Amino acid sequence: MPTTLSEFNATVERLWPSEFAETWDAPGLVSGAPDDRVDRVLLAVDAVAATVEQAVGTGADVLLVHHPLLLRGVTSIAETGYKGALLAKLIRSRCSLVAAHTNADIVDDGTSSVLASRLGLVEQQPIEPGVRPGTGIGRVGRMPEPTTLGRLALALGEILPATATGVRVSGDFEQSVSTVALCGGAGDSLLANPAVRGSDVYITADLRHHPASESREQSLLGSGPALVDVSHWASEWLWLETAARQLAAALPEVEFIVSDLRTDPWDFVITQ
């Protein structure tokens with residue numbers, strides 16, 4: 001029997017229950033009919049023109065994204081706006097849209113856990129524990145062997161897909177690093193968390209000037225981590241391969257493809 005969209009969405013819910021998403025989040029089924037057949041799924045971080053075109057062009061029945069297209073309320077999906085245009089293209093092509101966002105961030109093998117594991121962190125724990133054991137926002141752990149901030153940043157550059165903005169670091173290249181806190185995606189809201197403040201370095205994305213500056217100034221007084229700022233898209237893209245494997249194990253009759261398109265919004269930088 002072929003897999004239906006309803007069955008596919010039930011698997012997504014089992015792996016990443018939407019009931020445990022943040023209250024402001026909007027994961028789940030965005031478009032599609034429950035009885036639609038699902039033979040091929042494309043996974044991407046973002047639902048943008050390029051990934052929608054890729055999904056349609058590869059004959060995908062579902063585009064599964066990390067970032068919800070309709071995260072904030074809209075009053076129109078007219079095709080004069082890009083969200084309406086994308087949804088119309090997907091619907092006309094019989095390609096459903098499903099999102100797994102903060103409900104996929106918090107789980108073991110979620111966005112932060114995958115990045116932590118790729119760095120080799122041991123004794124991983126959530127920065128902010130969730131209601132279920134082992135779940136929560138971000139991860140903190142130890143390097144198997146002490147390293148330096150510079151070597152850690154270089155390792156990140158090898159692990160993460162390339163982007164125009166690369167890896168930005170605040171701290172001394174040779175300073176010792178043993179304890180690492182990290183949060184895939186935008187994580188400057190965690191800068192004051194004790195687990196972050198007590199780490200040697202904090203890795204996240206979208207660090208804004210004032211929170212980053214204040215954190216680094218505090219660290220000069222002996223309390224606070226070095227900072228590593230990476231691409232939001234890159235920090236979460238690594239999770240897609242893990243998600244595809246988990247889905248394929250549950251639905252072996254469905255083909256899962258991970259998009260290799262870079263949907264980081266920045267195209268180039270000019271250094272001075």
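Just so you know, all these numbers are worked out from the coordinates, no wet-lab data involved. This structure is a prediction, so every number in the text was calculated from the model and none was measured. So basically every Cβ, Gly included, is an ideal-geometry build from the backbone, and we count neighbours across all protein chains shown.
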The longest stretch of the chain containing none of the GluC sites (Glu not before Pro) that sit in a DSSP loop with at most 16 other Cβ atoms within 10 Å is 80-173
Using θ = phi - 60° and the Karplus curve 6.51 cos²θ - 1.76 cosθ + 1.60, what whole-Hz ³J(HN,Hα) does each residue of region 21-26 get, with Gly and Pro shown as x?
-> 5, 4, 5, 8, 7, 9
Can you tell me the equivalent ellipsoid semi-axes for the chain? Use √(5λ) from the Cα gyration tensor, largest first, whole Å.
-> 35, 20, 17
What is the helix-to-structure angle for 239-250, meaning the angle in degrees between its Cα long axis and the longest Cα principal axis of the chain, kept from 0 to 90 and rounded to the nearest 10?
-> 50 degrees
Extension gain from residue 176 to residue 122, taking 0.36 nm per residue of separation minus the Cα-Cα distance = 17.7 nm
Points 7 angstrom from Cα along the Cβ direction at residue 4 and residue 108: gap in nanometres?
-> 3.3 nm
Going by how many other Cβ atoms sit within 10 Å of their own, how do 237, 266, 24 line up, fewest first?
-> 24, 266, 237
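Once a ≥ b ≥ c are taken as the square roots of the eigenvalues of the Cα gyration tensor of region 106-235, is the result rounded (a/c under 1.5), prolate (a/b larger than b/c) or oblate (a/b not larger than b/c)? Write out the running numbers ahead of the final one.
Values: a/c = 1.29, a/b = 1.16, b/c = 1.12.
Taking the square roots of the gyration eigenvalues as a ≥ b ≥ c, region 106-235 is rounded.
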Lys/Arg +1, Asp/Glu -1 at C-beta; the chain dipole; positive extreme among 234, 120, 81 | 81
Mind giving me the nanometre distance, one decimal, between the label points for residue 272 and residue 192, set 7 Å out from Cα along Cα→Cβ?
-> 3.2 nm
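Filter the trypsin sites (Lys or Arg not before Pro) in region 152-223 to those in DSSP coil with at most 12 other Cβ atoms within 10 Å of their Cβ, and list the result. Write out the running numbers ahead of the final one.
Details: sites: 168, 197, 208, 216; in loops: 208.
Hits after loop and neighbour filter: 208.
Relative contact order of the chain, please, whole-number percent, based on alpha carbon pairs below 8 angstrom and at least 6 residues apart.
On the way: 552 pairs, mean separation 52.1, N = 272.
Once normalised by length, the contact order is 19 percent.
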Mind listing the long-range amide H neighbours of residue 185? Cut-off is under 5 Å, sequence gap 5 or more, other chains count too, H placed in the peptide plane at 1.01 Å from N.
-> 205, 235, 236
Find how much the distance from residue 241 to residue 76 grows on full extension, using 0.36 nm per residue of separation minus their present alpha carbon separation; answer in nm with one decimal.
-> 56.0 nm
Per-residue HN-Hα couplings for region 151-156, Karplus 6.51 cos²θ - 1.76 cosθ + 1.60 at θ = phi - 60°, whole Hz, x for Gly and Pro?
-> 5, 5, 5, 5, 5, 4
Using only Cα atoms, find the angle between the long axis of helix 209-219 and the longest principal axis of the chain, and express it within 0 to 90 degrees, rounded to the nearest 10.
-> 40 degrees
